[in-house]
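Enquirer: Take this structure first; my questions come after.
The values are calculated or read from the model by the stated rules, or taken from the named source; none is laboratory data. Remember, it's a predicted structure, so these values are computed and weren't measured experimentally. Heads up, the Cβs are rebuilt from the backbone with ideal geometry, glycines too, and the neighbour counts pull from every protein chain shown.
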Amino acid sequence: MSHARYLVLSALLTWVMLLTASLLRSRGWSLAGLRVAFGNRDDLDEPTPLAARADRAAKNMLENLLLFVAVSVAVAVRGTAAPANVALGSAIFFYARVAYFFVYLAGIAYLRTAIWAVALVGVGIVGAAAF
């Protein structure tokens with residue numbers, strides 16, 4: 001799969017993570033939760049541990065997506081054809097971020113950090129192509 005497709009899939013993953021965090025926080029699967037989700041959310045209850053982890057995972061994804069997009073733009077601005085390792089780095093980033101989300105939701109702290117580091121390696125592989 002191409003680098004561009006992984007970039008789009010990463011954006012979609014970010015949206016899914018943000019939506020999941022929002023629904024877990026508002027308990028959007030219930031009628032009362034739907035009212036909260038569609039309202040101003042001024043009086044939210046404290047988040048459950050799962051909802052709080054989902055929110056932190058989504059925020060972390062936004063931070064890491066920014067890095068991934070920045071190195072992707074650098075590769076594009078470079079103006080030459082992207083080497084095959086750019087697609088590999090993009091795949092590593094995307095699949096590690098999918099795993100990160102599920103591991104974070106499960107509350108597995110040290111594995112989560114290791115997976116985050118793998119995703120960062122993917123960003124590094126893509127960024128190295130800009131040099």
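Enquirer: Taking into account only those residues within region 103-123 that are out of contact with any helix residue (DSSP H, G or I) (no Cβ under 7 Å at 6 or more places or on another chain) and modelled with pLDDT of 95 or more, which is surrounded by the most Cβ atoms within 10 Å (Cβ to Cβ)?
Expert: L120
Enquirer: Looking at (1) modelled with pLDDT of 95 or more; (2) touching a helix residue (DSSP H, G or I) at 6+ places or on another chain (Cβ under 7 Å), which is the one condition that is false for H3?
Expert: Result: H3 passes all but (1).
Enquirer: Read through the list (1) touching a helix residue (DSSP H, G or I) at 6+ places or on another chain (Cβ under 7 Å); (2) touching a residue at least 40 places away in the same chain (Cβ under 8 Å); (3) over 18 Å from M1 (Cα atoms), then give the number of the only condition that G89 fails.
Expert: (3)
Enquirer: Could you please let me know if A70 is surrounded by 12 or more Cβ atoms within 10 Å (Cβ to Cβ), under 13 Å from the mean Cα position of the chain (by Cα), assigned to a helix (DSSP H, G or I) and not basic (K, R)?
Expert: no
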